[in-house]
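Enquirer: Here it is, the structure, as structure tokens.
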Amino acid sequence: FTTQMENLYLKQHFPAVYKRSLKTDKHYAEHYNGTFSDVPLMVESSQITNRRTMVNNFYMKSNDMLNALKSVIGDANLSLYLQGFIQTWAGKHPTPYDFFNYVNHKSMVNLNWFWNRWAFQFGSVDLEIVAATKNNFQVLNKGGRPVPFKVEMKLEDGALYEEVYNAGIWEENEKVTLAVPEHLSVQKITLTVTNNIFETTTSNNTLEMGVSKQAN
């Protein structure tokens with residue numbers, strides 16, 4: 001919670017400092033996410049001896065989880081739930097389970113699939129476009145963590161067309177097939193993970209139309 005609140009404050013009052021903090025987040029994502037230093041959030045802190053793991057779990061990854069959650073329940077609702085949770089549990093000793101249940105209850109949505117992949121499972125943030133045809137394209141969630149993303153379609157006339165998808169798109173499957181609007185003549189598709197969440201790599205985020213590749 002602290003990192004989320006701190007980033008909101010820095011973004012509003014100290015934008016230069018906020019931008020520097022994002023560079024640090026990006027560095028950790030590219031160098032440590034998905035490595036031996038990257039363990040589930042619910043691993044007890046007493047069992048973590050690696051400094052990089054501590055920093056990643058305590059600050060970066062937990063903040064990424066909340067940023068991904070925003071895309072599912074909305075920014076305003078997340079702020080409301082965080083404030084409500086803090087007030088409800090003031091002076092007590094809540095656990096992460098209490099927060100998960102609180103958000104599930106207040107949002108009236110079963111988000112257990114989301115908590116499971118962010119807090120309990122090994123994984124990373126890594127999306128890949130694996131196929132693109134005239135009518136649709138496929139995106140594979142290689143890392144497993146549910147994240148929001150933006151798709152930018154470069155048209156043959158040079159114009160750009162964008163679509164945005166929230167993290168809820170990964171509730172059922174690790175690979176999704178998304179439609180290309182019929183009236184568009186698309187040349188290339190590029191995706192970008194949004195909400196200030198950074199991938200381990202972006203080298204697999206672009207694909208020319210009519211190309212299909214074998215996912216690694």
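The values are calculated or read from the model by the stated rules, or taken from the named source; none is laboratory data. As the structure is a computational prediction, the values presented were derived from the model and not from experiment. In this analysis, Cβ positions are derived from the backbone assuming ideal geometry, glycine residues included, and neighbour counts consider all displayed protein chains.
For every residue, the table says whether it meets (1) touching a helix residue (DSSP H, G or I) at 6+ places or on another chain (Cβ under 6 Å); (2) touching a residue at least 12 places away in the same chain (Cβ under 8 Å); (3) surrounded by fewer than 15 Cβ atoms within 10 Å (Cβ to Cβ); (4) more than 27 Å from ILE169 (Cα to Cα).
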{"residue": "ILE48", "(1), (2), (3), (4)": "yes, no, no, yes"}
{"residue": "VAL55", "(1), (2), (3), (4)": "no, yes, no, yes"}
{"residue": "TYR59", "(1), (2), (3), (4)": "yes, yes, no, no"}
{"residue": "GLY74", "(1), (2), (3), (4)": "no, no, yes, no"}
{"residue": "HIS93", "(1), (2), (3), (4)": "no, no, yes, yes"}
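Enquirer: What's the total number of residues in the range 116-133 that are within 23 Å of SER62 (Cα to Cα) and not in a strand (DSSP E or B)?
Expert: Residues meeting the conditions: 10.
Enquirer: Pick from the range 119-148 the residues that are farther than 18 Å from THR194 by Cα and β-branched (Val, Ile, Thr): which of them is surrounded by the most Cβ atoms within 10 Å (Cβ to Cβ)?
Expert: Step by step, filter the range 119-148, then rank; the result is VAL130.
Enquirer: If a residue has to be at pLDDT 90 or above, farther than 19 Å from TYR32 by Cα and hydrophobic (A, V, I, L, M, F, W, C) to count, how many in the range 187-216 make the cut?
Expert: 3
Enquirer: Of all residues in the range 139-170, how many are more than 21 Å from VAL72 (Cα to Cα) and assigned to a strand (DSSP E or B)?
Expert: Residues that pass the stated criteria total 5.
Enquirer: Then there is this: With respect to VAL151, determine if the residue is surrounded by 13 or more Cβ atoms within 10 Å (Cβ to Cβ) and touching a residue at least 60 places away in the same chain (Cβ under 8 Å).
Expert: Against the criterion (surrounded by 13 or more Cβ atoms within 10 Å (Cβ to Cβ) and touching a residue at least 60 places away in the same chain (Cβ under 8 Å)), VAL151 does not qualify.
Enquirer: For the range 6-29, what are the residues that are modelled with pLDDT under 70 and either outside any helix (DSSP H, G or I) or in contact with a helix residue (DSSP H, G or I) (Cβ under 6 Å, 6 or more places away or on another chain) (or both)?
Expert: LEU10, LYS11, PHE14, VAL17, TYR18, TYR28
Enquirer: Additional query: Checking LYS92 against (1) basic (Lys, Arg); (2) farther than 19 Å from ASN166 by Cα; (3) assigned to a helix (DSSP H, G or I), which test does it fail?
Expert: Going through (1) basic (Lys, Arg); (2) farther than 19 Å from ASN166 by Cα; (3) assigned to a helix (DSSP H, G or I) one by one, LYS92 breaks only (3).
Here's the yes/no breakdown for (1) of a type in the set (Ser, Thr, Tyr); (2) modelled with pLDDT of 70 or more:
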site: GLN4; (1), (2): no, no
site: HIS31; (1), (2): no, no
site: SER46; (1), (2): yes, yes
site: THR53; (1), (2): yes, yes
site: LYS61; (1), (2): no, yes
site: MET65; (1), (2): no, yes
site: TRP89; (1), (2): no, yes
site: PHE100; (1), (2): no, yes
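Enquirer: Can you find a residue that is touching a Ser or Thr at 6+ places or on another chain (Cβ under 6 Å) and of a type in the set (A, V, I, L, M) anywhere in the range 116-129?
Expert: No: the range 116-129 contains no residue that is touching a Ser or Thr at 6+ places or on another chain (Cβ under 6 Å) and of a type in the set (A, V, I, L, M).
Enquirer: Turning to a different aspect of this structure: So which residues in the range 154-176 are more than 16 Å from GLU208 (Cα to Cα) and touching a residue at least 24 places away in the same chain (Cβ under 8 Å)?
Expert: VAL164, ASN166, ALA167, GLY168, TRP170, GLU171, GLU174, LYS175, VAL176
Enquirer: Hey, does the range 178-186 have a residue that's surrounded by 17 or more Cβ atoms within 10 Å (Cβ to Cβ), of a type in the set (A, V, I, L, M, F, W, C), at pLDDT below 95 and in a strand (DSSP E or B)?
Expert: Yes, the conditions are met somewhere in the range 178-186.
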